[in-house]
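Report on the following structure.
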Amino acid sequence: MSKTIKTLGLLALTLCAGAVLAGPPVGGELEKQATNWHAIIMFCLFVAMTMGITYWAAGRTKSTSDFYTAGGGITGFQNGMAIAGDYMSAATLLGLTAMIYGQGFDGYVYMMAFFAGWPLILFLMAERLRNLGKFTFSDITAYRLDQGKVRTMAAVSSLTVVCFYLIAQMVGAGQLIKLLFGLEYNVAIVAVGLLMMVYVTFGGMVATTWVQIIKAGMLLAGGTLVMVLAMSQFGFSFSTMIERATEVHKLGSKLMLPGSLLADPVTAISMAMGLMFGTAGLPHILMRFFTVNDAKEARKSVLYASGIVAYFFNVIMLMGFAAILIVGQNPEFFEGGTIGGKLIGGGNMVAMHLSKAVGGNMLLGFLAAVAFATILAVVSGLALAGASAISHDLYARVIKKGQASEADEIRVSKFATIGLGLVAIVLGILFEKQNVAFMVGLAFGIAAAANFPVLILSMYWKGLTTRGALAGGYSGLFSAVFFVVASKSVWVDVIGNPAPLFPYTQPALFAMPIAFLVTFLVSKLDGSAKGKAEIEAFEDQYVRAQTGFGAAAAAQH
Amino acid sequence: MKNPIYEKIRNNPKFPQLVQKRSRFAWTLSAITLVAFYGFVMLVAFQPATVGLALSEGSQYTFGLVLELAMFIVFWLMTWLYVRRANGEFDALTQEIVREATRGGQK
């Protein structure tokens, strides 16, 4: 096995090296070529380091528990870093900086919506997740319900979330890497897919976690450095910076006012709900709660993760405002050199241009490498969550009814990872020219409307039965998908119809109540003997959720 | 198929105490988070002008900016507060309850 890793590692390295030699960057500009080298060398260093970790992790990944949850041996701080890493994707770094740069205060409100879910996850979910779950969140929803049916549903909605999120990440990755490294789009997609398969199949959760931790550290260091260098240009005075930014920005004095992004209250609230509860329903985030030893460490994970996320969002806020002056007033970063025209590489490049302006090609290279590493780490976490839904839920529990051997289950999860990697590569290439922004919204919408309601009710509401959970979960899934498909972002922008069927772009405000209501009504109307037994079984589940008694065994294998 | 240890834990008068104390604490903090956050979103949606008001004449710090920064800090302090109490007081009580239920029996 170790030999294969070495070969694959070499393959990956030659892949990025080969692409450098392959020819001039797509953009064709001389200045970009120089930056490519810095970025590629730093990225190759990152890959070499993480391959070393994967090699080390492969030796320690023997049981299913090692593979899915790193044997429960991750500490609270490490897990906090990894959760923060999962949460701070390339879209966060690039998209939110661009949002502050373009929309000012709106971007900051958006950040709060991204953040506010974390305290709630801690207060209401973290401890119960850890006490009841083993490898996937379906362990909790299926705890006292029909294993086969409920797990199938949870796996279907998990995989749907994972697939949409994967496509969004892959397409973003391809375009970003094309721009930053001068790699061909397809080469970039294949590189991300292959590296991800290597990390996950050989290193399992141990490697995935460490890739995430290293990347989170790099992202924090890089972001902080850019922010400090940028702020130094204003004598570290926030007032001076804002005053001057307001003078030059096209929004003028409206820069610090809520604007177009949140103009409509329904959209604002629906978006806030989707982000808040979607976070609490993302399978790759929920899975992280099973990698720590007990509820104590699970709580600490959230404390560290939320601290890091809050800090980093504020760093991004400062970067975005600083970029209004440093990037927005520099003709070097605009196509044709016209200030106020189109930014070179598009709106998402604000953070990258800023790093070049304050720290030269070296810092740009570093941040570009971090962005690539970020995509790789997030994609790996997603693939592992998807693979565990296939192997742990569908294969071991639904098809084999709990009779599968550990070796078989691990083998299935490795095949599932490779399968998901191939699907991600193919879909990434197919969707190259599509606008995929709605897919992240869709992933959060499904997570909020299909995963979250059933998960929270299974932990808190005694009266939940299998029928209720199934009806609610599927109606949440289908209504979230329907509302997104019928909204402007798909019905008009992708399919090309003249007017949307559904007037809002955010599904959560509508799909979540549907899911909750259907779950509640169907459970209440369920008079079956099985339903009664399930309600009865809540008592024991409740004691375990509260005390963690019986949960320790789940982590020790 | 009720587990006898769970039965014992449930019958320990300290168990409802633990649950009640922790739930009250967790729900209070959650309520503060939800009210503050959705209050803020409503403010942004319905009173955008208020959000953009300067704290004092000529200051660049607006009401909305400072409020949001304060929310980041307070939310995080609340997670710290919860973790401190849950990992200290509540966990000690939990261990006590489990120990009493398993005394002389299985682990």
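Note on A:Trp56/A:Val426: beta-carbon distance plugged into 1/(1 + (r/R0)^6) with R0 of 41 Å gives a FRET efficiency of 0.85. Ordering B:Asn11, B:Thr79, B:Phe63 by the projection of their Cα atoms onto the charge dipole of chain B, which places +1 on the Cβ of Lys and Arg and -1 on the Cβ of Asp and Glu, puts B:Asn11 at the extreme positive end. Per-residue ellipticity at 222 nm computed for chain B from its helices equals -25000 deg cm²/dmol, with DSSP H segments shorter than 4 residues left out and the rest contributing -39,500 (n - 2.57).
The long axis of helix A:437-446 is offset from the longest Cα principal axis of chain A by roughly 20 degrees. Among all the lysines, which ones have a C-alpha under 28 Å from A:Lys178's C-alpha, if same-chain residues fewer than 8 places away are not counted? Here the lysines satisfying the reach criterion relative to A:Lys178 are A:Lys6, A:Lys32, A:Lys215, A:Lys342, A:Lys356, A:Lys433. Membrane-span-like helices of chain B, defined as complete DSSP H segments with a Cα extent of 20 Å or more along the helix axis and a mean Kyte hydropathy of at least -0.5, are identified as B:14-46, B:63-85. Applying 1/(1 + (r/R0)^6) with R0 = 60 Å to the Cβ-Cβ distance of B:Gln20 and A:Trp37 gives a FRET efficiency near 0.45. To the nearest ten degrees, helix A:2-21 and the longest principal axis of the Cα atoms of chain A are 30 degrees apart. The slack in the chain from A:Ser253 to A:Arg411, taken as 0.36 nm per residue of separation less the alpha-carbon distance, amounts to 50.9 nm. Taking each DSSP H run with n ≥ 4 as -39500 (n - 2.57) and averaging over every residue of chain A yields -23500 deg cm²/dmol at 222 nm. All C-alpha pair distances within chain B, sorted into 5 Å bins from zero, spread as 2, 10, 15, 14, 11, 10, 8, 8, 7, 5, 4, 3, 2, 1, 0 percent across the bins. Here the Karplus relation 6.51 cos²θ - 1.76 cosθ + 1.60, evaluated at θ = phi - 60°, turns the backbone of segment A:67-80 into coupling constants of 5, 7, 10, 6, x, x, x, 7, 7, x, 5, 4, 5, x Hz, with x for every Gly and Pro. Overall form of segment A:483-554: prolate. Here a/c, set by the Cα gyration tensor axes a ≥ b ≥ c, is 1.5 or more, and a/b is the larger of a/b and b/c. The lysines whose alpha-carbon is closer than 27 Å to the alpha-carbon of A:Lys400, local same-chain residues fewer than 8 away aside, are A:Lys62, A:Lys134, A:Lys149, A:Lys414, A:Lys530, A:Lys532, B:Lys2.
Close amide H contacts of A:Phe334 (hydrogens built in the peptide plane, cut-off under 5 Å, sequence separation of 5 or more or a different chain): A:Ile344.
Pairs of Cα atoms nearer than 8 Å and 6+ residues apart set the relative contact order; for chain A it is 28 percent. With the biggest extent put first, the Cα atoms of chain A measure 73, 57, 45 Å across the principal axes.
Quick one: dipole size for chain B, taken about the Cα centre, charges +1 on Lys/Arg Cβ and -1 on Asp/Glu Cβ, in debye to the nearest 20.
Here chain B has a charge dipole of around 840 debye.
Its Cα centre serving as origin, the protein assembly as shown has a Cβ charge dipole (Lys and Arg +1, Asp and Glu -1) of approximately 1880 debye.
Have a look at A:Met81, B:Val44, A:Ser355 and report the one farthest towards the positive end of the charge dipole of the protein assembly as shown, computed about the Cα centre with Cβ charges (Lys/Arg +1, Asp/Glu -1). The residue sitting most towards the positive pole is A:Met81.
Dipole of the protein assembly as shown computed with +1 at Lys/Arg Cβ and -1 at Asp/Glu Cβ about the Cα centre; of A:Val47, A:Phe538, A:Leu179, farthest Cα towards the positive end is A:Phe538. What the phi angles of segment A:409-423 give under the Karplus curve with 6.51, -1.76 and 1.60, with θ = phi - 60°, is a coupling list of 4, 5, 4, 4, 5, 5, 5, 4, 4, 5, x, 5, x, 5, 4 Hz, glycine and proline written as x. The dipole here belongs to segment A:153-276: it is taken about the Cα centre, uses +1 on the Cβ of Lys and Arg and -1 on the Cβ of Asp and Glu, and is about 80 debye.
Using a ≥ b ≥ c from the Cα gyration tensor of segment A:413-488 (square roots of the eigenvalues), is it rounded, prolate or oblate, where a/c under 1.5 gives rounded and otherwise the larger of a/b and b/c decides, a/b for prolate? It is oblate, given that a/c is not under 1.5 and a/b is not larger than b/c. Shown is the FRET efficiency for A:Lys433 and A:Glu332, computed with R0 = 41 Å from the Cβ-Cβ distance and rounded to the nearest 0.05: 0.90.
Considering only DSSP states other than H, G, I, E and B, which trypsin sites (Lys or Arg not before Pro) in segment A:403-493 qualify as loop sites with at most 12 other Cβ atoms within 10 Å? For trypsin sites (Lys or Arg not before Pro) across segment A:403-493 that sit outside H, G, I, E and B with at most 12 neighbouring Cβ atoms in 10 Å, the list reads A:Lys433.
Shown in residue order for segment A:452-459 are the 3J(HN,Hα) couplings computed by the Karplus curve 6.51 cos²θ - 1.76 cosθ + 1.60 at θ = phi - 60°: 4, x, 5, 4, 5, 5, 5, 8 Hz (x for Gly and Pro).
We did not get these values from a lab; they are worked out from the coordinates using the rules stated. Please read all numbers here as calculations on a predicted model, not as lab measurements. For neighbour counting, all protein chains shown are included, and Cβ atoms are generated from backbone atoms with ideal geometry for every residue, glycine included.
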